[in-house]
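The values are calculated or read from the model by the stated rules, or taken from the named source; none is laboratory data. From a predicted model like this one, the values you see are computed outputs, not experimental measurements. Cβ: placed from backbone, ideal geometry, glycine included. Neighbour counts: every protein chain shown. Each accessible area value is taken on the protein alone, full model and side chains, heavy atoms only, with ligands, DNA and RNA left out. Shrake-Rupley method; radii C 1.70, N 1.55, O 1.52, S 1.80 Å.
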Amino acid sequence: MIHALENEKEIDMNFQSVLNQILVLFLTLVVGYLARRCNVFAEQTTKGLSSLLLKVALPALIIDSLQQSFTPELLRASGQILVIAFLVYAACGLLAFFVGKLLRAPATDIGVYRFALLFSNVGFMGYPVVNAVFGSEAVFYAAIYNLPFNLIVFTLGILIISLGGQKSVQKINARMFINPATVAVAIGFTLFLLSVELPRPVATTVSQLGSLTTPLSMILIGALLANTRIGETLGNWRVYVVCALRLLLIPLAIWSVLRLMTSDPLLIGVPTIIAAMPVAANTAILAQEYDGNSLLASQLVFVSTLLSIITIPLLAYLVV
C-alpha cells in the first residue's frame, strides 16, 4: 500500500514537472511575440538570431549532450535507439506523403505540412522534457535518437519545405550533408566513442552556448508569429488535423508498437515522448530561409506548442 502511494506520488510529481516545463517554453514564446510586437528588435535581427541558433547554439547543444563516457552497454543501447529512430522517420515520412495529398492544400503549403508531420521539436523541447520525465540518464538516449533528425532535416527536410517556393531545392547533393548540425553530430559521437572529455573551460563554454538553444528558439518562434493575426492562426482547420496527428496519433502508435518489441522503459519512453513534441521550431526557421510559407509554419509551431501543454503531460503520465 505504501509502495503504491509512493509510486502515485512520484507520477504526480513527474506530471507536474513536465507541465511546468511546457509552460515555461510557451511563456518564453509569448515573450518573443511581445518583444517583436513592441519593436524591441527588428525583422533583420530576427534573421540574425535565426542564423546564430542554427550555426552556433544548436551545434553546441548536440556536442554537449554527447559528452558521455563510452561503455559497451551504452553503445548497444545507442544502436537500438538509432534503429528505432530511423524506422520512426521512415513511417512518418510515408504518413506525411499521403496526408499532404489528402489535405488538398495549396502547392506552396504542402511541403510545410509534410515537414511538420515528419519532424517534431526534438532538439529544442525534446531534451528538457525527456530530462523532466525520465531524468538526466535519458538525455543521452535522446541525443542518439536525435542523430537521424540532424541528418535528415537539413537534407530531405530542405527538399520538402522548399516545395513551391522560389528557392525550391530539387535534389539532395553531398554538400547538404555538411552543415553545422551534422558536423556537430560527427564531432560529438566521435568524442563519445573515444571517451574524450573536453577541457573544463571548453566544455563549460559549449554547455552555456547549447543552453541558449531552447529559449532562443522559442523567442524566434514568437517573433515570427508577431507578423500574423491570432484569428488566422487559430482558424486554419488543416493545422488542427496535422497537430492531432503530430501530438497524439504518431506517439501513441510508436508507444503501442515498441511495447511489443522491448520491455526497456527508456527504449519505449524516450521515442514516444520525443514523437509527442510539437512541430519542430525548424519548420518556421527553415521555411523563412528557403522561401516556404513561413507564416503557416509559425502557425503550426504555435498551435501545436499551445496544445502540447495538455497532450505531453498526458502522454508522459501514460509512459512513466
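Note on segment 277-289: residues that are touching a helix residue (DSSP H, G or I) at 6+ places or on another chain (Cβ under 6 Å) and under 18 Å from Phe149 (Cβ atoms) total 9. Kindly indicate which of Gly93, Gly111, Gly100 is small (Gly, Ala, Ser) and open to solvent by 20 Å² or more (accessible area, probe 1.4 Å). Of the residues listed, the single one that is small (Gly, Ala, Ser) and open to solvent by 20 Å² or more (accessible area, probe 1.4 Å) is Gly93. Take the conditions surrounded by fewer than 24 Cβ atoms within 10 Å (Cβ to Cβ) and in contact with a Leu (Cβ under 7 Å, 6 or more places away or on another chain) and apply them to Ser294. Does it pass? So Ser294 passes the test. Scanning segment 233-274 for residues that are modelled with pLDDT of 90 or more and polar (S, T, N, Q), we see that the one that is least open to solvent (accessible area, probe 1.4 Å) is Thr272. Just so you know, in segment 50-70 the residues that are surrounded by fewer than 18 Cβ atoms within 10 Å (Cβ to Cβ) and of a type in the set (A, V, I, L, M) include one that is modelled with the lowest pLDDT, and it is Leu52.
Please verify whether segment 245-263 includes one or more residues that are farther than 30 Å from Asn39 by Cβ, of a type in the set (Gly, Ala, Ser) and not in a helix (DSSP H, G or I).
Checking segment 245-263: at least one residue is farther than 30 Å from Asn39 by Cβ, of a type in the set (Gly, Ala, Ser) and not in a helix (DSSP H, G or I).
Scanning for something open to solvent by less than 10 Å² (accessible area, probe 1.4 Å) and at pLDDT 85 or above, does segment 180-189 turn up at least one residue? Yes.
Okay, residues lined up against (1) open to solvent by 10 Å² or more (accessible area, probe 1.4 Å); (2) more than 18 Å from Thr214 (Cα to Cα); (3) assigned to a loop (DSSP other than H, G, I, E, B); (4) modelled with pLDDT of 80 or more:
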| position | (1), (2), (3), (4) |
| --- | --- |
| Phe124 | no, no, no, no |
| Ala132 | yes, no, no, no |
| Asn150 | no, no, no, no |
| Lys171 | yes, yes, yes, no |
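For segment 276-286, the count of residues that are at pLDDT below 95, of a type in the set (S, T, N, Q) and open to solvent by 20 Å² or more (accessible area, probe 1.4 Å) is zero. Within segment 26-45, the set of residues being crowded, with 18+ Cβ neighbours inside 10 Å and closer than 9 Å to Ala226 by Cβ comprises Gly32, Tyr33, Arg36. Against the test of being closer than 15 Å to Tyr113 by Cα, touching an Asp or Glu at 6+ places or on another chain (Cβ under 8 Å), hydrophobic (A, V, I, L, M, F, W, C) and at pLDDT 85 or above, the options Leu296, Leu300 yield a single qualifying residue, Leu296.
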